[in-house]
Amino acid sequence: MVDQVKKTSLKKSLNLLSLTFYGVGLIIGAGIYSVIGEAAGLAKEGLWLSFLLGATLALLTALSYAELTTRYPTAGAEYVYAQKAFPDLKWLSFLLGFILLLAGTATATTVAMAFAGYLKSLADFPTLVSAGGLLILCGTLSILALKVSSLTNIVFTVIEVTGLLIVIYFGMSTKDFLEPLSTPLSQQLLPGILASAALIFFVYLGFEEIANLAEETKNPRRTLPFSIFLSLGIATTLYVLVSLAVLALSSPEALSQSSSPLSLVLQNTSPRMGTFLGVVALFATSNTALITIVALSRMVFAMARNGALPKVFAKVSRGGNAPWTATLLVVGFCFLLLPLGSLEILAGISSFGALVGFSMIHVFLIVLRFKEPSATYHFKVPLSIGKLPLFPLTGLIASILFLTQFERQVYVVGGVAILLSFLVYGVLTRLRRHPNSSTGPIKVI
């Protein structure tokens, strides 16, 4: 039965265009419509610098992902990298998968709550009902077929980018648009900039999820690196322009107190456009929730196919279009996080989990450079001292620095999640020793 599960595969239907839309849609929708207000409250006029700091760490991480995806173009990317780097540490790959599942579901839940907030400003619907309804709808779309989800994502991405371009247009129409760029850096390097960058890193999450779609990608060794860099480059450009625009249109204090910051900046200039942007935000957050669930379900699918999770989560829909049981598990995790409610806490959990995972990704690449120095692949991170790659080492140090910037509650939730992952791993290991259990034989790798 295990061998049959391992042979299960997904259809190759994605190209550079659709993957880039996935990456851009997830990155932009994940944060710019939800946490830019909190980030502005921390960084003040240095908001644009926080976006550049977050982009720098994202680029360093993207370089590591690009090399690893060309080495191992398969679903469940991070989980596979852990197995290749440390094959004897069986618990490590499971821990990484669990932490990234937590970070991803926190992302989907964060934007679902943001969706509910924007919807409530337009119509008085209960927040938890709206957020839960969106998660169910996105899970259903993911299960129906990736092709349908991809088409929906392309439409939503175009709409949400249009919303950002509107903000940029109104910001550029003011005389204060470029003022932060002319202000001496010494006056903008406030204590809150690094904390803001750590929170803003949440808005860059998405490029790494492209790696989990490797098995469904045509010519993945070439397509994946290009799509990762294109997605990140487009998003960073838009982010910096939007940060300059919102500072020109509103004060950091007002932005930090608003539950719909991008709508707020246009209310005084054009109330009609402010309302329109609120509608656009609904599309942006919906799009993010959708493609986050799609990507996470592929990671769960790969873990189950390799035996680290019960084989029931490796089932695919008719025609091999979508891992439907894995999707149900991801949506279930999202519902467990919904009661937390706070956007700041949920976003912090997402950033914390992602940074822990990304730190490990850099370590995996460094280890693999020493273990497999002669490996052939299409992309290799430049600049090394001997076998030691410098960019992954820099990314590891930067990730650890960012990890020191969160509130205590985030560390508590992260610590509990890590302990829970060991508990789940222990339970699954125990079930493996009792093949007559109701879950069937489980091979923990």
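The values are calculated or read from the model by the stated rules, or taken from the named source; none is laboratory data. Please read these numbers as outputs of a predicted model, since none were measured by experiment. Using ideal geometry, Cβ is built from the backbone for each residue, glycine included, and neighbour counts are taken over all protein chains shown. Surface accessibility is based on the protein's heavy atoms, side chains included, excluding ligands, DNA and RNA. Shrake-Rupley method; radii C 1.70, N 1.55, O 1.52, S 1.80 Å.
Details
- Unit charges on C-beta of K, R, D, E only; dipole of the chain, Debye: 1920
- Integer Hz, Karplus 6.51/-1.76/1.60 couplings in order for region 251-256, x for Gly and Pro: 8, x, 5, 5, 5, 5
- In order along region 236-246, the Karplus-derived 3J(HN,Hα) couplings, from 6.51 cos²θ - 1.76 cosθ + 1.60 at θ = phi - 60°, round to 5, 4, 5, 4, 5, 5, 5, 4, 5, 5, 5 Hz, and Gly and Pro are given as x.
- Net charge over other residues, Cβ less than 13 angstrom from the Cβ of residue 203 (K, R count +1; D, E count -1): -2
- Among 24, 335, 428 the positive-end extreme of the charge dipole of the chain (Cβ point charges): 428
- Nonlocal amide H pairs with residue 384, under 5 Å, H built at 1.01 Å: 390
- Surface share of carbon and sulfur [accessible, 1.4 angstrom probe, percent] for the chain: 67
- Three semi-axes of the equivalent ellipsoid, region 27-169, Cα gyration tensor, whole Å, largest first: 30, 22, 16
- Shape index of region 333-392: Rg/Rh, with Rg the Cα radius of gyration and Rh the Kirkwood radius from the inverse mean 1/r over Cα pairs, equals 1.23.
- Along each principal axis, Cα extent of region 203-347, largest first, Å: 55, 39, 25
- Cα long-axis angle, helix 16-31 against the chain (0 to 90 degrees, to the nearest 10): 60
- Going by accessible surface with a 1.4 Å probe and the largest first, 272, 298, 408 read 272, 408, 298.
- Close amide H contacts of residue 14 (hydrogens built in the peptide plane, cut-off under 5 Å, sequence separation of 5 or more or a different chain): 217, 218.
- Peptides ranked, highest mean first, by Cβ atoms within 10 Å: ranges 260-268, 396-404: 260-268, 396-404
- Expressed per residue, the C-alpha convex hull volume of region 271-356 stands at 128 Å³.
- Two-decimal Rg/Rh across the chain, once Rg and the Kirkwood Rh are taken from alpha-carbon atoms: 0.96
- 14 Å beta-carbon shell around residue 366, net charge (K/R +1, D/E -1): +4
- Computed over protein heavy atoms with a 1.4 Å probe, the accessible surface of the chain works out to 39 Å² per residue.
- GNM flexibility winner over the chain from 307, 353, 386 (Cα, springs under 10 Å): 386
- Sorted from longest to shortest, the spans of the Cα atoms of region 293-420 along the three principal axes equal 47, 44, 22 Å.
- Principal-axis analysis of the Cα atoms of the chain puts helix 192-204 at an angle of about 60° to the longest axis.
- Surrounding net charge for residue 166, when Lys and Arg each add one and Asp and Glu each subtract one, Cβ distance under 15 Å: 0
- Taking all protein chains as they are arranged and a probe of 1.4 Å, the heavy atoms of residue 124 leave approximately 130 Å² accessible to solvent.
- Region 82-129 and region 251-266 have Cα centres lying 25 Å from one another.
- Relative to the longest principal axis of the Cα atoms of the chain, the long axis of helix 408-432 lies at roughly 20 degrees.
- Region 278-402 - charge dipole about Cα centre, Lys and Arg +1 at Cβ, Asp and Glu -1, debye rounded to 20: 520
- Amide H contacts of residue 322 (H built 1.01 Å from N, in plane; Pro and chain starts excluded): 317 sit under 5 Å, all sequence-distant by 5 or more or on other chains.
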